[in-house]
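Each remark here refers to the structure printed beneath this line.
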Amino acid sequence: MTVKEQQQRPSSVSSVTTGLSRRTFLQAVGAGTAWAVSAPGVFAQNTASQAEPNAPAAPRYVYVGTYSAPNTAPGGVAPSRAEGLYVYQLNHATGDLSHVQTVTADNPSFLAVAPSQRHLYCVNELGADDSGKPLGRVSAYAIDPDTGKLTLINARSTRGTWPCHCAVHPSGGHLLAANYGTGTFVVFPLGEDGRIEPMSDLFQAPGNGGGPDPVRQEGPHAHMMLANPGAQHVFGVDLGGDTLLAWELDPATGKLTPGPVPRANVPSGSGCRHLAFHPDGRRAYVINELSSTIDVFDFEPGRGAFIWRQSISTLPQNTPFTRPAFNPDNPGEVPTGTNTTAEIRVHPSGRWIYATNRGMDSIAMFAVDANSGRLESTGWVQSRGQIPRGMNIEPSGRWLYVGNQNSDTIAVFRIGADDGQLEGPIHLIDSPVPVDFAFGPAVR
């Protein structure tokens, strides 16, 4: 994530049912990558879901964030033709999506739905104007419960550049956002009507001096801000500093104070990107963009403490893919033969974890050990597109949606109920520069 300018083509939705054999995938990624697409593994027993443990198998509205025209996405190869936010209706029986609405917006790259499912929030991932004034924003939308359609409520400046992530606090009372460019984490109170109120706090990450990687870690780069499932703490992921920052959030004032254990680290130069918690609330997983790894932590919610347990690669053992030598003029670029990671998602059952690889253009699959929380690789599937960035699992845990940023497609995978293996893509849906997915209310 860096020099942020972005996107590609208006939304025509067509589904293509496709199969992917092991041979096809091995040919696609090169003869040197002779590893098995499915590795044997022992799968953990089922656990309660963090989000919706008994989510109904019903149609649901899906929201897709993009990088909008005339910008070019980080690592993109052509100017975007996307218009903004895209609203779809999910057919739970087939996994297919049908277009409902397109909402004009500036680079609405990352999305968050409020716990009430009445409001959607996005970052507007923008840099600075010619005078250096930050243009980053967050925007609020009302969700029509009958149609799933969006209506803009308001927007606020994030007082920073390239905001790349937002999350609603589990209480529903605050919006949390991360300014990648300026390395700041920000908090906004939310009104009863979903309106974003004036900013209540801003925290400047210290970074790590010049940083181990002189191009991607030259300074702090806030990449994510979220609360743990029990909402005892709020955390910020700083790619530039290889650091997880921890705070307590005062619900009355919206102010941050350092947590009892104010920080944790990933290995130097890893470039931590996103943090995901296990549904049991006592394990945490950090995907590292620059090293293509996942770090596994025990998490103690009372103190907000992370204890490292494991590092595991998102790539095969004998992979030909290497770490990029980043281009300062386009740090988001992933040159041929190199790889960076993007998204990590924990299945609602807690049994499996999925991660996207950009460059290898694949989804890595892992089984979660029920006792230790450690990960075991169970294989890879091709995304059938270029630069798979965001992905998300619909609340019942049956379908996984992956956005192929540079090929303008959403890949839909069926998740095996017994083993968590990904089948598909079942559909390849034309959608311009898909970046992130959020799930709204069930269709009435």
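No other residue among L85, L120, L152 is within 20 Å of I410 (Cα to Cα) and either of a type outside the set (V, I, T) or free of Cβ contacts under 8 Å to residues at least 24 places away in the same chain (or both) apart from L85.
Considering the range 301-337, the residues that are among the basic types (K, R) and more than 13 Å from M360 (Cβ to Cβ) include one that is surrounded by the most Cβ atoms within 10 Å (Cβ to Cβ), namely R309. Counting the residues of the range 403-423 that are buried (at least 22 other Cβ atoms within 10 Å of the Cβ) and either modelled with pLDDT under 95 or touching a Phe, Trp or Tyr at 6+ places or on another chain (Cβ under 9 Å) (or both) gives 9. The set of residues in the range 306-360 being touching a Leu at 6+ places or on another chain (Cβ under 7 Å) and among the aliphatic types (A, V, I, L, M) consists of I312, I353, M360.
Of all the listed residues (V215, V237), the sole one being β-branched (V, I, T) and crowded, with 24+ Cβ neighbours inside 10 Å is V237.
Here P214 meets each of (1) assigned to a strand (DSSP E or B); (2) at pLDDT below 95 with one exception, condition (1). Of all residues in the range 64-86, those satisfying the criterion of being surrounded by 24 or more Cβ atoms within 10 Å (Cβ to Cβ) and either assigned to a strand (DSSP E or B) or of a type in the set (A, V, I, L, M, F, W, C) (or both) are V64, G65, T66, A73, A82, L85, Y86. In the set (1) open to solvent by 40 Å² or more (accessible area, probe 1.4 Å); (2) within 25 Å of M391 (Cα to Cα); (3) part of a loop (DSSP other than H, G, I, E, B), the condition left unmet by D298 is number (3). Tallying residues that are in contact (Cβ under 8 Å) with a residue 60 or more places away in the chain and either out of contact with any Phe, Trp or Tyr (no Cβ under 8 Å at 6 or more places or on another chain) or open to solvent by 20 Å² or more (accessible area, probe 1.4 Å) (or both) within the range 162-191 yields 11.
Among the residues of the range 353-368, are any more than 19 Å from the chain's Cα centre (by Cα) and open to solvent by 20 Å² or more (accessible area, probe 1.4 Å)?
Of all residues in the range 353-368, those more than 19 Å from the chain's Cα centre (by Cα) come to 367-368.
With the extra rule that they be open to solvent by 20 Å² or more (accessible area, probe 1.4 Å), the set shrinks to none.
The answer is no; no qualifying residue exists.
Could we say that A128 is surrounded by fewer than 23 Cβ atoms within 10 Å (Cβ to Cβ), at pLDDT below 95 and over 21 Å from the mean Cα position of the chain (by Cα) here? So A128 fails the test. Selection of the range 166-200 for residues being under 18 Å from L135 (Cα atoms) and part of a loop (DSSP other than H, G, I, E, B) yields Y180, G181, T182, G183, E197, P198, M199.
So, of the residues in the range 389-424 that are assigned to a strand (DSSP E or B) and among the polar types (S, T, N, Q), which turns out to be farthest from H274 (Cα to Cα)?
Initially, the range 389-424 is screened for residues assigned to a strand (DSSP E or B), giving 389-393, 399-404, 409-415, 422-424.
Now restrict to residues that are among the polar types (S, T, N, Q): 392, 404, 409.
On the way: N392: 13, N404: 18, T409: 23 Å.
Here the answer is T409.
Would a scan of the range 338-349 turn up a residue that is open to solvent by 10 Å² or more (accessible area, probe 1.4 Å) and hydrophobic (A, V, I, L, M, F, W, C)? Within the range 338-349, one or more residues are open to solvent by 10 Å² or more (accessible area, probe 1.4 Å) and hydrophobic (A, V, I, L, M, F, W, C).
Residues P108, P115: which one is buried (at least 23 other Cβ atoms within 10 Å of the Cβ) and not in a strand (DSSP E or B)? Reasoning before the result, please.
Details: P115 fails: buried (at least 23 other Cβ atoms within 10 Å of the Cβ).
Result of the check over P108, P115: P108.
Here P251, P258, P220 are screened, and the one residue that is touching a Leu at 6+ places or on another chain (Cβ under 9 Å), farther than 24 Å from G332 by Cα, open to solvent by 10 Å² or more (accessible area, probe 1.4 Å) and not β-branched (V, I, T) is P258. Can you find even one residue in the range 138-145 that is among the hydroxyl-bearing types (S, T, Y) and open to solvent by 40 Å² or more (accessible area, probe 1.4 Å)? No, every residue in the range 138-145 fails to be among the hydroxyl-bearing types (S, T, Y) and open to solvent by 40 Å² or more (accessible area, probe 1.4 Å). Selection of first residues in the range 307-330 that are free of Cβ contacts under 8 Å to residues at least 12 places away in the same chain and closer than 25 Å to L275 by Cα and of second residues that are among the acidic types (D, E) and open to solvent by 40 Å² or more (accessible area, probe 1.4 Å), restricted to Cβ pairs under 8 Å at least 6 apart or on distinct chains, gives the following pairs, ordered by first then second residue: I307/D298; I307/E300.
Here's the yes/no breakdown for (1) at pLDDT 95 or above; (2) under 20 Å from the mean Cα position of the chain (by Cα); (3) assigned to a loop (DSSP other than H, G, I, E, B):
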residue: F235; (1), (2), (3): yes, yes, no
residue: G240; (1), (2), (3): yes, yes, yes
residue: L244; (1), (2), (3): yes, yes, no
residue: T257; (1), (2), (3): yes, no, no
residue: V261; (1), (2), (3): yes, no, no
residue: S268; (1), (2), (3): yes, no, yes
residue: R273; (1), (2), (3): yes, yes, no
residue: P279; (1), (2), (3): yes, yes, yes
residue: F306; (1), (2), (3): yes, no, no
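The values are calculated or read from the model by the stated rules, or taken from the named source; none is laboratory data. Bear in mind the structure is a predicted one, so any value in this text is a computation, not a measurement. A quick note on method: Cβ atoms are made from the backbone with ideal geometry, for glycine too, and the neighbour counts reach across all protein chains shown. Side chains included, ligands, DNA and RNA excluded: accessible areas come from the protein's heavy atoms. Shrake-Rupley method; radii C 1.70, N 1.55, O 1.52, S 1.80 Å.
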